[in-house]
Number of protein chains: 2
Amino acid sequence: MTKQELFENIKRKKSFLCVGLDTDIKKIPSFLLDEEEDPIYAFNTAIIDATAKYCVAYKPNSAFYESHGIEGYKALQKTIEYIRIKYPDQFIILDAKRGDIGNTSEMYAVSAFEDMKANAITVAPYMGEDSVKPFLKYPKKWIILLALTSNKGSLDFQLIEDKNGERLFEKVLKKSQEWATDEQMMYVVGATQGEMFAEIRKYAPNHFLLVPGVGAQGGSLAEVVKYGMNSQCGLLVNSSRAIIYADNTVDFAYTAASEAKKLQEEMAVYLEKLI
Amino acid sequence: MTKQELFENIKRKKSFLCVGLDTDIKKIPSFLLDEEEDPIYAFNTAIIDATAKYCVAYKPNSAFYESHGIEGYKALQKTIEYIRIKYPDQFIILDAKRGDIGNTSEMYAVSAFEDMKANAITVAPYMGEDSVKPFLKYPKKWIILLALTSNKGSLDFQLIEDKNGERLFEKVLKKSQEWATDEQMMYVVGATQGEMFAEIRKYAPNHFLLVPGVGAQGGSLAEVVKYGMNSQCGLLVNSSRAIIYADNTVDFAYTAASEAKKLQEEMAVYLEKLI
């Protein structure tokens with residue numbers, strides 16, 4: 001998917017919502033465990049069918065599937081395939097935080113883009129250029145590089161300042177733009193970072209930002225929009241737990257849909273000035 | 001495995017060699033593709049049987065398996081199980097460079113330590129404390145944190161200096177020691193870094209270092225030992241391509257064994273002063 005296509009989807013659906021599929025077998029409605037052969041996949045497809053009209057992206061979190069071994073891995077593949085075939089306008093982000101030396105990142109790229117057929121993968125920047133570049137060989141596929149994350153540990157290294165007062169996340173933003181344009185690269189910026197979005201936009205005015213941390217992690221959508229939105233929206237705001245675990249009765253998918261709808265309606269208002 | 005047990009294995013086997021299982025179906029002997037139902041697993045088990053007496057650790061590189069989807073994932077699981085059962089004194093490192101917010105790193109830990117049953121996992125530090133700590137809940141299991149890697153991209157961020165001249169990798173070494181001791185944490189330091197090992201030892205005198213980059217990437221074992229060895233050896237030197245792809249005829253396992261043996265014999269000399 002190109003940047004323009006993503007923006008068209010955002011305008012058409014009046015939403016920049018990404019639904020995070022952090023599917024944890026301990027948190028899904030227990031009746032699914034009794035009734036379904038593959039409860040993770042059954043949960044995901046119900047959530048996807050219920051929320052697809054309110055969002056433009058899905059973000060399965062690889063860790064949750066890997067924790068179930070082969071069965072989890074299969075559920076991840078099937079989930080991505082389900083979205084791809086039934087909802088081809090959805091932008092699928094494999095949230096995997098990969099990154100290694102060149103010949104190894106090449107293999108992660110094969111996994112994400114050829115095997116899984118995701119549109120994008122999240123990548124960690126610590127190992128630098130040759131750990132990132134192999135993902136860029138795929139036209140219309142995206143990397144989403146960690147810049148300033150939503151967690152408490154983001155304070156440990158990401159804010160370290162050099163002699164000129166430039167912080168690590170700023171260096172990541174600047175350096176990485178030597179490797180790819182905003183047509184193939186996005187950044188992860190946590191919703192918990194509030195006014196820092198204005199700082200991010202100094203370095204990356206045109207990039208899309210993937211924004212986790214709204215909802216369960218406490219980030220504010222209004223703040224993210226205020227400081228982070230650009231003329232092509234430039235935001236994919238992710239919500240996982242607040243949508244998919246809103247309810248664990250038989251009505252879980254219905255409740256997930258209404259939580260997604262609430263966010264979409266709020267987003268529609270913010271998008272009015274762009275559309 | 002405890003640090004003491006690992007050191008005992010090193011002394012007994014006169015080796016601190018780790019064999020990297022970066023198994024690429026395009027590089028393994030072609031007759032395996034014709035003859036074997038699972039050529040990756042067949043290759044790995046032959047390599048393992050041939051090299052086990054010369055090494056103390058194996059490091060399957062998750063990316064290579066993930067690139068083959070479900071079949072690759074199964075081959076990875078079976079390979080780890082094969083080592084665990086047949087060679088229980090081998091230290092098994094799942095080289096996966098994981099790391100995410102706390103609830104997600106918890107899932108990666110389940111995958112590495114409960115599902116795969118590896119002894120250790122490599123972890124990327126960018127997201128800080130809460131991305132690392134969930135891996136530390138498992139007694140006798142290890143995290144191996146990226147500090148100063150072997151690739152060209154290590155120059156992009158890892159050497160950034162703060163106002164006091166302290167570099168990012170030094171901050172990672174210092175900060176991470178607030179989270180775990182040298183009984184549960186090692187660091188990745190690339191063999192290509194030569195004299196930098198002396199710098200690393202200022203901050204981590206007692207830690208084991210996992211050292212990739214000897215062989216194909218050009219690092220020197222003599223330099224690594226000169227600047228990096230401590231009184232409990234403190235080194236696991238990895239070689240992947242130079243051992244496992246030394247030969248692609250029917251003699252591949254035999255040749256891999258002799259390459260491993262060469263390294264082991266060199267290591268035995270370096271270990272003499274410790275044993």
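Restricting attention to the range A:157-176, does a residue exist that is surrounded by fewer than 17 Cβ atoms within 10 Å (Cβ to Cβ) and of a type in the set (A, V, I, L, M)?
There is at least one residue in the range A:157-176 that is surrounded by fewer than 17 Cβ atoms within 10 Å (Cβ to Cβ) and of a type in the set (A, V, I, L, M).
Looking at (1) more than 7 Å from chain A (Cβ to nearest Cβ); (2) open to solvent by 10 Å² or more (accessible area, probe 1.4 Å), which one does B:I48 not meet, given that it meets all the others?
All conditions are met except number (2).
Considering the range B:28-44 alone, what residues qualify as being part of a loop (DSSP other than H, G, I, E, B) and without any contact (Cβ under 8 Å) to a residue 24 or more places away in the chain?
B:E36, B:E37
Please list, ordered by first then second residue, the pairs with beta carbon atoms under 6 Å, 6 or more apart or interchain, first in the range A:243-255 and among the β-branched types (V, I, T), second in a helix (DSSP H, G or I) and open to solvent by 50 Å² or more (accessible area, probe 1.4 Å).
What qualifies is A:I243/A:E259.
Can you list the helices (runs of 4 or more DSSP H) lying wholly within the range B:62-151 that have 3 or more residues being surrounded by fewer than 24 Cβ atoms within 10 Å (Cβ to Cβ)?
Because the criterion is at least 3 residues that are surrounded by fewer than 24 Cβ atoms within 10 Å (Cβ to Cβ), the helices (runs of 4 or more DSSP H) in the range B:62-151 that meet it are B:69-86, B:102-109.
What pairs come out if I take residues in the range A:1-22 that are over 18 Å from A:I83 (Cα atoms) and pair them with residues that are open to solvent by 10 Å² or more (accessible area, probe 1.4 Å) and modelled with pLDDT under 95 whose C-beta lies under 6 Å away, six or more apart or interchain?
Pairs that qualify, where the first residue is over 18 Å from A:I83 (Cα atoms) and the partner is open to solvent by 10 Å² or more (accessible area, probe 1.4 Å) and modelled with pLDDT under 95, are A:K11/A:I275.
How about the range A:237-275: which of its residues are crowded, with 18+ Cβ neighbours inside 10 Å and of a type in the set (S, T, N, Q)?
Result: A:N238, A:S239, A:S240, A:Q264.
Limited to the range B:33-63, what total is found for residues that are among the hydroxyl-bearing types (S, T, Y) and farther than 22 Å from B:T2 by Cα?
4
Looking at A:G219, is it at pLDDT below 95 and farther than 12 Å from A:L17 by Cα?
Yes; evaluated as a whole, the condition is true for this residue.
Give the number of residues within the range B:47-78 that are in contact (Cβ under 8 Å) with a residue 12 or more places away in the chain, farther than 21 Å from B:I143 by Cα and of a type outside the set (D, E, K, R).
Number satisfying all stated conditions: 9.
Name the residue that is farthest from B:K171 (Cα to Cα), counting only residues in the range A:127-142 that are within 14 Å of another protein chain (Cβ to nearest Cβ) and under 19 Å from the mean Cα position of the chain (by Cα).
Among those that are within 14 Å of another protein chain (Cβ to nearest Cβ) and under 19 Å from the mean Cα position of the chain (by Cα), it is A:Y138.
So, in the range A:79-126, exactly how many residues are within 13 Å of another protein chain (Cβ to nearest Cβ) and not basic (K, R)?
30
Restricting attention to the range B:162-196, which residues are more than 12 Å from every other protein chain (Cβ to nearest Cβ) and in contact (Cβ under 8 Å) with a residue 60 or more places away in the chain?
B:D182, B:E183, B:M186
Which one is nearest to A:T192 (Cα to Cα) among residues in the range A:146-158 that are in contact with a strand residue (DSSP E or B) (Cβ under 9 Å, 6 or more places away or on another chain) and at the interface with chain B (Cβ under 10 Å from one of its Cβ atoms)?
So, considering only residues that are in contact with a strand residue (DSSP E or B) (Cβ under 9 Å, 6 or more places away or on another chain) and at the interface with chain B (Cβ under 10 Å from one of its Cβ atoms), the one nearest to A:T192 (Cα to Cα) is A:S150.
Filter the range A:1-27 for residues that are within 14 Å of chain B (Cβ to nearest Cβ) and in a loop (DSSP other than H, G, I, E, B); which is nearest to A:L210 (Cα to Cα)?
A:D22
Test B:S231 against the stated conditions and say whether it is touching a Leu at 6+ places or on another chain (Cβ under 8 Å) and at pLDDT 95 or above.
Yes: the conditions hold for B:S231.
When the range B:178-193 is examined, which residues are found to be at pLDDT below 95 and open to solvent by less than 10 Å² (accessible area, probe 1.4 Å)?
B:G190, B:A191
Any idea how many residues of the range A:8-38 are at pLDDT 95 or above, surrounded by fewer than 20 Cβ atoms within 10 Å (Cβ to Cβ) and in contact with a Leu (Cβ under 9 Å, 6 or more places away or on another chain)?
Counting residues in the range A:8-38 that are at pLDDT 95 or above, surrounded by fewer than 20 Cβ atoms within 10 Å (Cβ to Cβ) and in contact with a Leu (Cβ under 9 Å, 6 or more places away or on another chain) gives 2.
The values are calculated or read from the model by the stated rules, or taken from the named source; none is laboratory data. As the structure is a computational prediction, the values presented were derived from the model and not from experiment. Counting neighbours? That spans all protein chains shown, and the Cβs are built from the backbone with ideal geometry, glycine included. What goes into the accessible areas is simple: the full protein's heavy atoms, side chains included, and nothing from ligands, DNA or RNA. Shrake-Rupley method; radii C 1.70, N 1.55, O 1.52, S 1.80 Å.
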